[in-house]
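The values are calculated or read from the model by the stated rules, or taken from the named source; none is laboratory data. Please read these numbers as outputs of a predicted model, since none were measured by experiment. Cβ atoms come from the backbone with ideal geometry, glycine included; neighbour counts cover every protein chain shown. To get the accessible areas, we keep the full protein, side chains included, count just its heavy atoms, and leave off ligands, DNA and RNA. Shrake-Rupley method; radii C 1.70, N 1.55, O 1.52, S 1.80 Å.
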Amino acid sequence: MAATEAQLTGLPGVAVLSLAPGVSNGVNGLLNTYLDEVPLLLISGQHPADRLPFTVRQGFNIEQLVTPCTKWQARLTAGMDVPSVIGKAVDEAMSGRPGPVYLEIPDGVATNPAVTDEAAAEAAVTRLRARWLSGPAAQAVNPAAVSELAARLETAQHPALLLGGRRRRVTPAAVAAFSAAFRVPVFTSSRQKGVLGADAPWYAGTFLNGRLEQELLREADLVVMIDPEAFDFYNKPWCFDAPAVAVTDEAFTEWMNPFAAQLVAAPGPVLDELTARGGGASRWQPADVARYRTTVRDALLPPGAATFSVAHAVDAALAAWPRDGYLTADAGFSKPLIAMLSEPDLPDHFLASNALSTMGYSIPAAVAARRAGAVPVLGFLGDGSLLMRATELMVGAADGIPGVFVAIMDRALTQIEVKQERRQLRTVGAALPPVQCAQLAVALGIDGSDVDNAGELTAAVAKGLQGDRPVLIGAHVDPAPSRTLFELLRG
């Protein structure tokens, strides 16, 4: 929740946890924050220093536990300039590659009288918000990078552009202008969804480094990749054979796959300069991109199919979702389907656990997004994640925060089950009990329903998005097509 708030508000998230078990229960969220490079202050208590060596019950070296997944750690002591330590912590969290930091506050320090300066605090908030939302500092165009990329574009007959990375390096306007000038299909990673709207003629869709993208990329003879960190791609060789050129604004650290060239330059100015020059030899037509998008959709949602698959459930829920709204996607079988089928019109409106890809993400992220002012919010999760995090729906209920949560109910940890089957193993530990979301919602104090077809699901989501309370909708799907879908997506 704290990381989601940071992503949407521009301020570092703050999570205050109790000592020992509080922090140990938060490690999963902390690791997600660390791998997705989100600024966050993790604060916990600790036993008094003079008693800690003798304490057994809840006595633990918390700093040692969190050090591998935090950028910086500090323990406050009596007489320390606490406001300055907080300022240092915020700077560490937001500088360079952002990430979480840890502050430990022993009992004796935490109970000291506070000294506050409201004017200084407000000034600090203003500065920090501007710093985070401004993105990287403006950089001059790198002439060598522009020249090399221009030379490649002058001869490439089927170039493609892929937008990746944890933070936005280019503006929607720059991408739209470049793609139109050079007739370049544009893919985005899950994290960069919305940088180019789905109505743009050169918008190709989401790149997961899977099988479906090969339909278009097998024809590519150049792939330009902006900030291609593989934190939200499948861990596998590129799904295309064309030479890949990486454009990043800092020293390149991606070693998962080979690149024909690595250009260290600010991507935005590079695209702007290339657009101003114009040219290129691309033979792509908008019809080629439209044909590819239709092919992907037909593969995931076969025309005339009588079944209610996971893909059909995702598509039915999205039919009621406005494309300027917010989506949260939990890890599991439905996540790549949501990435491929959803088409947000705005950046930072698709939220997921990318690098860690952890279950249990969608509910707290959606609640936090709604608390931060995001409207409307549609959260997707599986029944496994629902059973992990259902009680957090009560946070939204207690605060009167609306939001629609679609739980894909296939009675299994399907992705694990499919992988076991593909390795010809006995399926173990993947079956889940049937759950009725309407009954669970009553227990949680929210609205709920269960559906088993696309029409009912679309109607339920549309009604929920107009409501003023959290809504849990169980979409009970046929799990049989999931094997085919897995093969389509990942091979």
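Yes or no, residue by residue, for (1) in contact (Cβ under 8 Å) with a residue 40 or more places away in the chain; (2) open to solvent by 30 Å² or more (accessible area, probe 1.4 Å); (3) in contact with a helix residue (DSSP H, G or I) (Cβ under 6 Å, 6 or more places away or on another chain):
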{"residue": "449", "(1), (2), (3)": "no, yes, yes"}
{"residue": "453", "(1), (2), (3)": "yes, yes, no"}
{"residue": "465", "(1), (2), (3)": "yes, yes, no"}
{"residue": "468", "(1), (2), (3)": "yes, yes, no"}
{"residue": "472", "(1), (2), (3)": "yes, no, yes"}
{"residue": "475", "(1), (2), (3)": "yes, no, yes"}
{"residue": "478", "(1), (2), (3)": "yes, yes, no"}
{"residue": "484", "(1), (2), (3)": "no, yes, no"}
{"residue": "491", "(1), (2), (3)": "yes, yes, no"}
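The test for being part of a loop (DSSP other than H, G, I, E, B) and open to solvent by 20 Å² or more (accessible area, probe 1.4 Å) does not hold for residue 395. The residue of the stretch 39-83 that is farthest from residue 21 (Cα to Cα), among those that are of a type in the set (Val, Ile, Thr) and at pLDDT below 95, is 82. Scanning the stretch 206-238 for residues that are out of contact with any Lys or Arg (no Cβ under 6 Å at 6 or more places or on another chain) and not in a loop (DSSP other than H, G, I, E, B) turns up 206, 214, 215, 216, 217, 223, 224, 225. Within the stretch 144-168, count every residue that is more than 16 Å from residue 187 (Cβ to Cβ) and either in a loop (DSSP other than H, G, I, E, B) or out of contact with any strand residue (DSSP E or B) (no Cβ under 7 Å at 6 or more places or on another chain) (or both). Matching residues across the stretch 144-168 total 10. Inclusion of residue 307 among residues that are under 22 Å from residue 216 (Cβ atoms), of a type in the set (Val, Ile, Thr) and loosely packed, with under 14 Cβ neighbours inside 10 Å is not warranted. Hey, any hits in the stretch 200-220 for a residue that's open to solvent by less than 10 Å² (accessible area, probe 1.4 Å), of a type in the set (Asp, Glu) and at pLDDT 95 or above? Checked the stretch 200-220: at least one residue is open to solvent by less than 10 Å² (accessible area, probe 1.4 Å), of a type in the set (Asp, Glu) and at pLDDT 95 or above. Within the stretch 406-421, the set of residues being in a helix (DSSP H, G or I), surrounded by fewer than 24 Cβ atoms within 10 Å (Cβ to Cβ) and either in contact (Cβ under 8 Å) with a residue 60 or more places away in the chain or aliphatic (A, V, I, L, M) (or both) comprises 415, 416, 418, 421. Candidates in the stretch 429-447 are the residues that are modelled with pLDDT under 95 and not hydrophobic (A, V, I, L, M, F, W, C); of these, the one that is most open to solvent (accessible area, probe 1.4 Å) is 434.
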